[in-house]
Amino acid sequence: MRTWSDSPFRAVVQRHDVPATHVIAEDNGESTQVHEIAGQPGWLAKLYRRPLTDAAAATLQTLVYLPTVMSQQDRDLVDRCVSWPVARICDGPYIVGVVMAKAPDRFYARLHTLSGRTEAPRPLPLDWMVTADAACIKRGIQPANMVVRSRAMTELLQVGALFARHDVVYADWSYSNAFWEQGTGAVFIIDMDTSGIGTREWIESPEWEDPLYPETSRPALTVHSDRYKLAVLTVRCLTGERRDPLAAHQALLSRLGNNPFHTAVGRALTAAQPAERPTPQDLFAALDHWMGTAPGELGDVGTTPSGASNNVTGSIDLRARIPAPVTLPPRPPSHPPVQPVHLEQPVESVPRAETLPAVPPPSTRRLGKAATTTAVIVCLVFVLIIIALASG
């Protein structure tokens with residue numbers, strides 16, 4: 001299933017259109033509930049703790065539509081690696097949630113409890129990629145070797161580069177917001193429905209503190225702060241060093257040697273100005289190049305995620321994703337802090353009206369008819385005069 005293109009939902013749905021069949025999580029972060037949608041396997045509804053403000057609702061609307069202006073290559077990456085928001089959930093005049101794809105089964109694992117019992121399948125977060133091999137084996141997880149780690153991080157950096165190309169500020173890069181597939185290193189990004197466009201309000205990130213975006217001033221987060229957190233996540237997952245990113249960078253030297261990727265990550269971690277940090281695309285290109293020229297201990301790296309087949313066939317009819325204009329009822333006066341949300345159809349998506357022949361106004365049509373009648377009478381009189389002269 002493609003996680004955006006295969007959505008069966010309109011861009012705006014009502015709360016009663018997404019009934020629950022199985023609750024995935026409750027009271028987690030900014031949501032009160034995440035549940036599977038009855039009758040729509042593979043799709044989730046995430047309900048927020050409170051209705052979105054106008055600004056947040058507008059950003060979410062932009063995110064829902066953003067894949068319509070992406071290149072086919074970017075859309076393929078979204079469909080393979082990201083739980084992208086596909087619909088806003090509306091309750092009266094409020095935006096109260098979002099619809100998004102569930103992670104495919106290949107990103108799930110059956111963990112063993114400490115007593116040896118096998119648990120039900122659950123998503124496998126990157127947290128297990130920075131867990132000691134012995135602990136992974138004890139819990140029934142296949143430890144990630146350098147091939148898996150490198151492939152996972154090239155795919156993660158590809159997603160980061162896609163976000164940067166479209167000015168999406170994810171901000172919440174962490175071990176828990178990305179899943180990985182054992183044996184292949186494929187990754188799947190979740191919880192990006194609260195991303196910002198251009199900027200995002202500062203959020204607290206314990207153990208992911210950015211020295212250029214300190215808690216003391218709490219500046220707005222940007223694509224430049226994303227560069228730092230993504231670099232930290234990458235170097236930690238490549239080495240298994242869970243905490244100190246500079247220690248992880250030093251460990252990376254013994255793994256990869258002194259190469260352009262190691263140098264670029266170092267600049268991302270130590271740059272004095274945010275704009276001096278290498279972009280995710282820079283990091284991806286350097287790591288991808290290293291994988292293609294890696295020494296023998298990496299084994300047969302083969303095709304990297306950048307060249308992987310997505311098994312995508314056919315074409316995407318983007319017009320089917322454009323909703324009809326939605327007219328919301330007036331907002332009740334009991335909620336003055338929240339302004340009405342306007343769910344209007346984007347201007348660029350409105351089909352151009354057909355050009356029809358001009359129709360003259362009624363007064364013009366009457367004038368034209370009178371002139372025609374007068375001309376006919378004059379002609380008849382002229383003919384009668386000629387006949388009279390001829391007979392005389």
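The values are calculated or read from the model by the stated rules, or taken from the named source; none is laboratory data. Worth saying up front: this structure is predicted, and the values here are computed from it rather than measured. We place every Cβ from the backbone using ideal geometry, glycine too, and count neighbours over all the protein chains shown.
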Got a sec? Which of Arg106, Arg75, Arg88 is within 12 Å of the chain's Cα centre (by Cα) and basic (Lys, Arg)?
Arg75
Can you confirm whether segment 258-272 contains a residue that is modelled with pLDDT under 95, over 29 Å from Trp4 (Cα atoms) and part of a loop (DSSP other than H, G, I, E, B)?
yes
Answer from Ala178, Ala231 - the residue that is within 23 Å of Asn28 (Cβ to Cβ), of a type in the set (Gly, Ala, Ser), in contact (Cβ under 8 Å) with a residue 40 or more places away in the chain and touching a helix residue (DSSP H, G or I) at 6+ places or on another chain (Cβ under 7 Å)
Ala178
Might you check whether a residue that is over 22 Å from Gly198 (Cβ atoms), of a type outside the set (Ser, Thr, Tyr) and loosely packed, with under 13 Cβ neighbours inside 10 Å occurs anywhere in segment 82-101?
no
Which ones in segment 185-195 are in a loop (DSSP other than H, G, I, E, B) and touching a helix residue (DSSP H, G or I) at 6+ places or on another chain (Cβ under 7 Å)?
Gly185, Ala186, Asp193, Ser195
Report yes if some residue within segment 90-105 is in a helix (DSSP H, G or I), of a type in the set (Phe, Trp, Tyr) and out of contact with any Ser or Thr (no Cβ under 6 Å at 6 or more places or on another chain); otherwise report no.
no
Across segment 1-30, what is the number of residues that are in a strand (DSSP E or B) and in contact with a helix residue (DSSP H, G or I) (Cβ under 9 Å, 6 or more places away or on another chain)?
1
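This table checks each residue for (1) assigned to a strand (DSSP E or B); (2) outside the structural domain of Ala178 (by TED's automatic domain parsing); (3) of a type in the set (S, T, N, Q); (4) touching a residue at least 12 places away in the same chain (Cβ under 8 Å).
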position: Thr32; (1), (2), (3), (4): yes, yes, yes, yes
position: Leu44; (1), (2), (3), (4): yes, yes, no, yes
position: Pro51; (1), (2), (3), (4): no, yes, no, yes
position: Pro67; (1), (2), (3), (4): no, yes, no, yes
position: Trp84; (1), (2), (3), (4): no, yes, no, yes
position: Ser115; (1), (2), (3), (4): no, no, yes, no
position: Met129; (1), (2), (3), (4): no, no, no, yes
Do you know which residues across segment 234-267 are of a type in the set (A, V, I, L, M) and in contact with a helix residue (DSSP H, G or I) (Cβ under 7 Å, 6 or more places away or on another chain)?
Val235, Leu238, Leu246, Ala248, Ala251, Leu252, Leu253, Leu256, Ala264, Val265
Could you check how many residues of segment 118-168 are at positive phi and among the small types (Gly, Ala, Ser)?
1
Out of curiosity, is Ala275 assigned to a helix (DSSP H, G or I), surrounded by 15 or more Cβ atoms within 10 Å (Cβ to Cβ) and either modelled with pLDDT of 95 or more or touching a Leu at 6+ places or on another chain (Cβ under 8 Å) (or both)?
no
Taking segment 131-149, which residues are in contact with a Leu (Cβ under 7 Å, 6 or more places away or on another chain), part of a helix (DSSP H, G or I) and of a type outside the set (A, V, I, L, M, F, W, C)?
Arg149
Test for Ala58: is it outside the structural domain of Phe188 (by TED's automatic domain parsing), among the hydrophobic types (A, V, I, L, M, F, W, C) and closer than 23 Å to Phe188 by Cβ
no
Could you figure out which of (1) assigned to a helix (DSSP H, G or I); (2) loosely packed, with under 14 Cβ neighbours inside 10 Å; (3) touching a Pro at 6+ places or on another chain (Cβ under 7 Å) isn't true of Thr154?
(2)
For segment 196-224, give me each residue that is under 19 Å from the mean Cα position of the chain (by Cα), among the small types (Gly, Ala, Ser) and in a loop (DSSP other than H, G, I, E, B).
Gly198
